[in-house]
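Each value in this text was obtained by applying a stated rule to the coordinates, not by laboratory testing. A quick note: this is a predicted structure, and the numbers were derived from the prediction, not measured. No Cβ is skipped: glycine too gets one built from the backbone with ideal geometry, and neighbour counts run over all protein chains shown.
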Amino acid sequence: MSNKPQEVYVIRHGETEWSLSGQHTGSTDLPLTDKGRTLAQLLKPMLANHAFDLILTSPLQRARETCLLAGFGEKAEVDSNLVEWNYGQYEGLTTEQIHEKRPGWLIFTDGCPGGETPEEVGARADRAIARARTAGGDVAIFAHGHILRVLVARWLGLSASGGRHFLLHTGTLNVLSYYRGIPAVKIWNAPMIQG
């Protein structure tokens, strides 16, 4: 029996047109760009020899496509808890556009009108974490920037607003684990490196 602590591989999907433009992309179901696909394919050799007891993906195509290109499309289970933050009236807007209407706005404390509050996103992250922790072994999660930033905060026992402390770029690999039984971050915001 191994004493190795569980690892949860948290992968943010590859680049999309809106991630390039800085537009908030919640439910708008955009595909990956060519660069996003290339980055997702770099995951395949990195993860090929890793045994996961559970693989979860957001239902949105940018996460599912990243999962598929990484070699896990057939094994992944869709989990609606991993869908991106519902931006409501802010869907498709950039932060600069939102600040014109609402100076000082921060998603992690203010949420979105007509969309989700930080607490609602935190509750979804908690459900995904509970599922990962009961998997028995290592887990891979393919999802989106804001939900994953909340997920890491909740993994560490912080409030959902703690997600503001964790920058996360597209096409990145992250690993959550434990330090002497205490939830910890092993790797965060690690880019896929093209050879």
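Brief remarks on what is shown
- Calculated FRET efficiency for the pair V185/W105, C-beta based, R₀ 30 Å, to 0.05: 0.65
- Within the listed set E74, E116, E91, the Gaussian network model of the chain (springs between alpha-carbon atoms below 10 Å) gives the highest mean-square fluctuation for E74.
- Couplings 3J(HN,Hα) of region 174-182, computed from phi: 9, 10, 9, 7, 9, 10, 6, x, 9 Hz, in residue order, whole Hz [Karplus 6.51 cos²θ - 1.76 cosθ + 1.60, θ = phi - 60°; x for Gly and Pro].
- Label zone at Q41, where the point sits 7 Å out along the Cα-to-Cβ direction: region 66-82 residues whose backbone N lies under 14 Å: 66, 68-71
- Each residue of region 45-50 was assigned a 3J(HN,Hα) from its phi angle through the Karplus expression (A = 6.51, B = -1.76, C = 1.60, θ = phi - 60°), giving x, 5, 10, 4, 9, 9 Hz with x at Gly and Pro.
- Counted over region 8-190, the DSSP beta bridges are approximately 50% antiparallel.
- Which labelled figure in [x] 18.1, 68; [y] 16.0, 57; [z] 16.7, 49 is Rg and Dmax of the Cα atoms in Å, once derived from the coordinates: [y]
- Applying the Karplus relation 6.51 cos²θ - 1.76 cosθ + 1.60 with θ = phi - 60° to region 26-41 yields 3J(HN,Hα) values of x, 8, 5, 8, 8, x, 6, 7, 4, 5, x, 5, 4, 5, 5, 5 Hz, where x marks Gly and Pro.
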